[in-house]
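Enquirer: Could you have a look at this structure, given as C-alpha coordinates, before my questions?
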Amino acid sequence: MVTGAPQVPRSPGGLSEGGIGWIPYFLERIDYNYDRHHLWTGQDYGDALPSEVFNRNVLTCFIDDRFGVASREFLEMDNVMWECDYPHSDSTWPTAPETLAESLDGVSDHDIDRITHLNAMRHFHYDPFTALGGKEHCTVGSLRAQVPGRDVSIRSQAREGVARRGTLASDLAAAASHD
(Lines give C-alpha, C1' and ligand atoms only; values in the text may rest on other atoms or scores of the structure.)
Protein backbone atom coordinates (compact mmCIF):
# COMPACT_ATOMS: atom_id res chain seq x y z
CA MET A 1 0.00 0.00 0.00
CA VAL A 2 1.26 3.45 -0.86
CA THR A 3 1.64 5.63 2.22
CA GLY A 4 -0.84 8.46 2.23
CA ALA A 5 -3.07 6.87 -0.44
CA PRO A 6 -6.77 7.43 0.21
CA GLN A 7 -8.59 4.42 1.56
CA VAL A 8 -11.32 3.45 -0.87
CA PRO A 9 -14.09 1.35 0.66
CA ARG A 10 -14.47 -2.00 -1.06
CA SER A 11 -17.87 -3.02 -2.29
CA PRO A 12 -18.99 -6.52 -1.38
CA GLY A 13 -19.21 -9.10 -4.14
CA GLY A 14 -22.46 -10.87 -4.91
CA LEU A 15 -23.60 -14.46 -5.28
CA SER A 16 -26.39 -14.08 -7.79
CA GLU A 17 -28.74 -17.06 -8.24
CA GLY A 18 -26.98 -18.82 -5.38
CA GLY A 19 -29.80 -19.18 -2.90
CA ILE A 20 -29.36 -18.57 0.82
CA GLY A 21 -30.44 -21.76 2.59
CA TRP A 22 -26.96 -23.27 2.49
CA ILE A 23 -25.22 -20.28 4.05
CA PRO A 24 -25.88 -20.88 7.78
CA TYR A 25 -24.31 -24.35 7.62
CA PHE A 26 -21.43 -23.09 5.48
CA LEU A 27 -20.65 -20.31 7.97
CA GLU A 28 -20.77 -22.70 10.91
CA ARG A 29 -18.48 -25.14 9.10
CA ILE A 30 -15.85 -22.61 7.97
CA ASP A 31 -15.56 -21.24 11.50
CA TYR A 32 -15.27 -24.77 12.89
CA ASN A 33 -12.49 -25.67 10.46
CA TYR A 34 -10.73 -22.36 10.91
CA ASP A 35 -10.72 -22.77 14.68
CA ARG A 36 -9.28 -26.29 14.44
CA HIS A 37 -6.79 -25.80 11.60
CA HIS A 38 -5.79 -22.16 11.08
CA LEU A 39 -2.55 -22.42 13.05
CA TRP A 40 -1.05 -25.18 10.93
CA THR A 41 -2.58 -24.02 7.60
CA GLY A 42 -1.37 -20.45 8.08
CA GLN A 43 -4.81 -18.90 7.67
CA ASP A 44 -5.03 -15.58 9.44
CA TYR A 45 -8.02 -13.25 9.40
CA GLY A 46 -6.73 -11.23 12.32
CA ASP A 47 -9.38 -10.95 15.00
CA ALA A 48 -12.16 -11.99 12.59
CA LEU A 49 -13.67 -15.38 11.93
CA PRO A 50 -14.16 -16.54 8.32
CA SER A 51 -17.93 -16.16 8.78
CA GLU A 52 -17.42 -12.49 9.69
CA VAL A 53 -15.25 -11.97 6.60
CA PHE A 54 -17.97 -13.61 4.47
CA ASN A 55 -20.74 -11.52 6.05
CA ARG A 56 -18.76 -8.33 5.53
CA ASN A 57 -17.84 -9.06 1.90
CA VAL A 58 -20.53 -11.16 0.24
CA LEU A 59 -24.01 -10.18 -0.94
CA THR A 60 -26.40 -13.11 -1.26
CA CYS A 61 -29.47 -13.49 -3.46
CA PHE A 62 -32.31 -15.96 -3.81
CA ILE A 63 -35.16 -16.56 -6.22
CA ASP A 64 -37.32 -18.98 -4.23
CA ASP A 65 -35.77 -20.30 -1.02
CA ARG A 66 -38.24 -20.84 1.80
CA PHE A 67 -35.69 -22.67 3.94
CA GLY A 68 -33.25 -19.78 3.54
CA VAL A 69 -35.88 -17.21 4.52
CA ALA A 70 -36.82 -19.35 7.52
CA SER A 71 -33.12 -19.42 8.50
CA ARG A 72 -32.72 -15.64 8.43
CA GLU A 73 -31.68 -15.40 12.09
CA PHE A 74 -28.42 -17.05 11.00
CA LEU A 75 -27.84 -14.73 8.02
CA GLU A 76 -26.46 -11.22 7.65
CA MET A 77 -29.83 -9.79 6.64
CA ASP A 78 -28.35 -6.52 5.43
CA ASN A 79 -26.76 -8.51 2.59
CA VAL A 80 -29.71 -10.72 1.58
CA MET A 81 -31.70 -9.80 -1.54
CA TRP A 82 -34.48 -11.35 -3.56
CA GLU A 83 -34.09 -11.61 -7.32
CA CYS A 84 -36.62 -12.48 -9.99
CA ASP A 85 -34.11 -13.75 -12.59
CA TYR A 86 -36.54 -13.16 -15.45
CA PRO A 87 -36.40 -14.48 -18.20
CA HIS A 88 -34.32 -17.50 -17.15
CA SER A 89 -35.81 -20.90 -16.36
CA ASP A 90 -34.98 -20.46 -12.64
CA SER A 91 -37.40 -17.55 -12.52
CA THR A 92 -40.81 -17.84 -10.91
CA TRP A 93 -42.17 -15.34 -13.45
CA PRO A 94 -44.96 -14.50 -14.16
CA THR A 95 -46.03 -15.24 -10.57
CA ALA A 96 -42.81 -14.01 -8.96
CA PRO A 97 -44.50 -11.56 -6.53
CA GLU A 98 -47.04 -14.15 -5.41
CA THR A 99 -44.37 -16.85 -5.01
CA LEU A 100 -42.19 -14.47 -3.00
CA ALA A 101 -45.16 -13.50 -0.81
CA GLU A 102 -45.58 -17.17 0.14
CA SER A 103 -41.91 -17.38 1.15
CA LEU A 104 -42.18 -14.17 3.17
CA ASP A 105 -45.31 -15.18 5.08
CA GLY A 106 -44.72 -14.28 8.74
CA VAL A 107 -41.59 -12.20 8.03
CA SER A 108 -41.46 -8.71 9.55
CA ASP A 109 -42.07 -5.68 7.33
CA HIS A 110 -38.52 -4.55 8.18
CA ASP A 111 -36.99 -7.76 6.80
CA ILE A 112 -39.33 -7.77 3.79
CA ASP A 113 -38.25 -4.24 2.90
CA ARG A 114 -34.57 -5.14 3.26
CA ILE A 115 -34.92 -8.31 1.20
CA THR A 116 -37.08 -6.83 -1.57
CA HIS A 117 -35.50 -3.44 -2.14
CA LEU A 118 -33.66 -1.59 0.64
CA ASN A 119 -30.51 -3.76 0.59
CA ALA A 120 -30.21 -3.57 -3.19
CA MET A 121 -30.81 0.17 -3.17
CA ARG A 122 -28.06 0.66 -0.57
CA HIS A 123 -25.50 -1.71 -2.07
CA PHE A 124 -26.01 -0.66 -5.68
CA HIS A 125 -26.60 3.05 -4.99
CA TYR A 126 -29.83 3.11 -6.99
CA ASP A 127 -33.23 4.50 -6.14
CA PRO A 128 -35.83 3.01 -8.50
CA PHE A 129 -38.59 4.95 -6.77
CA THR A 130 -37.14 8.26 -7.90
CA ALA A 131 -36.36 6.90 -11.36
CA LEU A 132 -39.92 5.59 -11.83
CA GLY A 133 -41.84 8.53 -10.39
CA GLY A 134 -42.38 7.48 -6.79
CA LYS A 135 -42.85 4.40 -4.65
CA GLU A 136 -46.59 4.28 -5.39
CA HIS A 137 -45.78 3.59 -9.06
CA CYS A 138 -43.59 0.60 -8.19
CA THR A 139 -46.11 -1.74 -6.62
CA VAL A 140 -46.93 -5.01 -8.37
CA GLY A 141 -50.47 -3.79 -9.03
CA SER A 142 -49.30 -0.48 -10.46
CA LEU A 143 -46.68 -2.05 -12.70
CA ARG A 144 -49.12 -4.68 -13.98
CA ALA A 145 -51.74 -1.98 -14.63
CA GLN A 146 -49.27 -0.26 -16.96
CA VAL A 147 -49.54 -3.19 -19.39
CA PRO A 148 -53.25 -4.05 -19.53
CA GLY A 149 -54.07 -7.06 -21.66
CA ARG A 150 -50.45 -8.27 -21.69
CA ASP A 151 -50.49 -12.05 -21.95
CA VAL A 152 -48.21 -13.50 -19.28
CA SER A 153 -49.51 -17.04 -19.46
CA ILE A 154 -47.05 -19.92 -19.53
CA ARG A 155 -47.23 -21.82 -22.80
CA SER A 156 -45.15 -24.08 -24.98
CA GLN A 157 -42.85 -22.46 -27.48
CA ALA A 158 -43.24 -25.41 -29.89
CA ARG A 159 -44.64 -24.32 -33.22
CA GLU A 160 -47.05 -26.34 -35.28
CA GLY A 161 -45.15 -28.58 -37.69
CA VAL A 162 -41.80 -28.06 -35.94
CA ALA A 163 -40.50 -31.15 -34.19
CA ARG A 164 -38.62 -30.56 -30.98
CA ARG A 165 -35.75 -32.78 -30.04
CA GLY A 166 -36.09 -34.30 -26.58
CA THR A 167 -33.73 -33.50 -23.76
CA LEU A 168 -34.13 -36.60 -21.63
CA ALA A 169 -31.04 -38.78 -21.39
CA SER A 170 -32.82 -41.53 -23.34
CA ASP A 171 -33.75 -39.04 -26.10
CA LEU A 172 -30.16 -37.79 -26.30
CA ALA A 173 -28.83 -41.35 -26.46
CA ALA A 174 -31.29 -42.22 -29.21
CA ALA A 175 -30.40 -39.09 -31.17
CA ALA A 176 -26.67 -39.82 -30.80
CA SER A 177 -27.09 -43.35 -32.14
CA HIS A 178 -28.78 -41.98 -35.30
CA ASP A 179 -26.21 -39.25 -36.05
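Enquirer: In whole angstrom, note down how far apart the Cα centers of the range 23-59 and the range 98-118 are.
Expert: Using only Cα atoms to place each centre, the spacing works out to 29 Å.
Enquirer: Then there is this: Going from most exposed to least, what order do Phe124, Phe129 have by accessible area with a 1.4 Å probe?
Expert: Numbers: Phe124 125, Phe129 40 Å².
Result, largest first: Phe124, Phe129.
Enquirer: Also: With +1 on the Cβ of every Lys and Arg and -1 on the Cβ of every Asp and Glu, and nothing else charged, how large is the dipole of the range 55-126 about its Cα centre, in debye rounded to the nearest 20? Intermediate results must be reported in sequence, preceding the final value.
Expert: Numbers: 5 positive and 14 negative charges, 59 e Å.
Result for the range 55-126 is approximately 280 debye, rounded to the nearest 20.
Enquirer: Could you state the accessible area per residue of the range 36-129 in Å², with a 1.4 Å probe and every protein chain left in place? Spell out each step's value before the answer.
Expert: Numbers: 5670 Å² over 94 residues.
Roughly 60 Å² per residue, with all protein chains present.
Enquirer: Principal axis lengths of the range 1-114 from Cα atoms, whole Å, largest first?
Expert: So the extents along the principal axes, rounded to whole Å, are 51, 37, 29.
Enquirer: How many times 2.2 N^0.38 Å is the alpha carbon radius of gyration of the range 38-83? Can you show the working numbers first?
Expert: Working: Rg = 13.7 Å, N = 46, 2.2 N^0.38 = 9.4 Å.
Here the answer is 1.45, to two decimals.
Enquirer: Moving to a separate point now. Run the simple label-point estimate for Asp31 and Arg144 please: 7 Å along Cα→C-beta, distance reported in nm.
Expert: Computed distance between label sites Asp31 and Arg144 equals 4.1 nm.
The values are calculated or read from the model by the stated rules, or taken from the named source; none is laboratory data. No experiment lies behind these values; they were computed from the predicted model shown. Ideal geometry is used to build each Cβ from the backbone, glycine not excepted, and the neighbour counts take in all protein chains shown. Just so you know, the surface numbers come from the protein's heavy atoms only, side chains and all, with ligands and any DNA or RNA stripped out. Shrake-Rupley method; radii C 1.70, N 1.55, O 1.52, S 1.80 Å.
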